[in-house]
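What follows is a single structure, written as structure tokens, with notes after it.
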Ligand SMILES: [Zn+2]
């Protein structure tokens, strides 16, 4: 596992956007995914073997060359009450359980107002039908539209591993306001969250409770040892321009899909990792967490994204989420994060998403 040095390790060298989009219209409150991340590149893991593309429920391989009429899919997908509804200029896919707000022309769906980036822009066919890529239908729209009301039964309260990112020599990024390192702030947030989760009935295991350095393999091994139901990794973000701010939430990219954020090694959509067994629950859990954080923080919604590089996610044998709870490189947001009351608000949002 590579080590980060203060203020330099989180820069965007070698990163690139997974796709290019036109400028966001006024209808979008989100910026398109940008190139910022801070999780160290990980090399201490076995290389997985390439697998075939995922299959749909009908046993048909999903192709990114395949496009699906959303309205027609609603009729055949088996989700109770599913329909595409036009309402005040919005394109809502509703089910008996929940709804998604689709943004034609952009790779974007909103759940309860919070942004979830798709793999491909939604588009129209010549006949005026709204089309979604088959990969987005199977790996994003369907899991979100079948999201159970809270609490999610499959994620019943048991052991949750809370992972304060970084530690020891791996300091993470650094606040431009008070010079605190990310490792200190993630530990503080983890303690606040752990207390709240325990009062809500979770058994909490933290990957570290002091300024100790652990590798990815050790963090994953702890979750295995404790039989964790959920793994939640806490981070703060940074980027060189110091202009970006807001909340990003990550889960592992499904097989066959391109990641929204790619680091210096190439993104391999053909590879399957252990955590890909939990694609649907990863997404549902990430969406709930992202929605709660955006609402509670009042900061920019930079969207739920898929990434393949965080080793701490891809080796997990349980639903796993990585949170970037704000930019320490942005003066305004860093000032907020420096306040204990704001970090408590973030912790309460995270805990509420797990209720
Ligand atoms: Zn980090």
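The values are calculated or read from the model by the stated rules, or taken from the named source; none is laboratory data. Computed from a prediction, not measured in an experiment: that's the story for all the values here. Don't worry about glycine lacking a Cβ; one is built from the backbone with ideal geometry, like all the others, and counts go over all protein chains shown.
The figures follow:
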| quantity | calculated |
| --- | --- |
| Count of residues meeting criterion [in a loop (DSSP other than H, G, I, E, B) and under 20 Å from residue 112 (Cβ atoms)] in segment 317-355 | 3 |
| Counted residues, segment 266-293 - those being farther than 22 Å from residue 220 by Cβ, touching a strand residue (DSSP E or B) at 6+ places or on another chain (Cβ under 6 Å) and crowded, with 22+ Cβ neighbours inside 10 Å | 4 |
| Set 219, 268, 263: member being within 16 Å of the ligand (Cβ to nearest atom), within 22 Å of the chain's Cα centre (by Cα) and at pLDDT below 95 | 263 |
| Hits in segment 286-311 (condition: assigned to a helix (DSSP H, G or I) and at pLDDT below 95) | 311 |
| Residue among 193, 185, 118 that is without any contact (Cβ under 8 Å) to a residue 40 or more places away in the chain and touching a helix residue (DSSP H, G or I) at 6+ places or on another chain (Cβ under 7 Å) | 118 |
| Verdict on residue 171 being under 18 Å from residue 318 (Cβ atoms) and surrounded by 15 or more Cβ atoms within 10 Å (Cβ to Cβ) | no |
| Residue check for residue 198: within 14 Å of the ligand (Cβ to nearest atom) and touching a strand residue (DSSP E or B) at 6+ places or on another chain (Cβ under 6 Å) | no |
| Some residue of segment 286-295 being without any contact (Cβ under 8 Å) to a residue 12 or more places away in the chain and under 26 Å from residue 182 (Cβ atoms) | no |
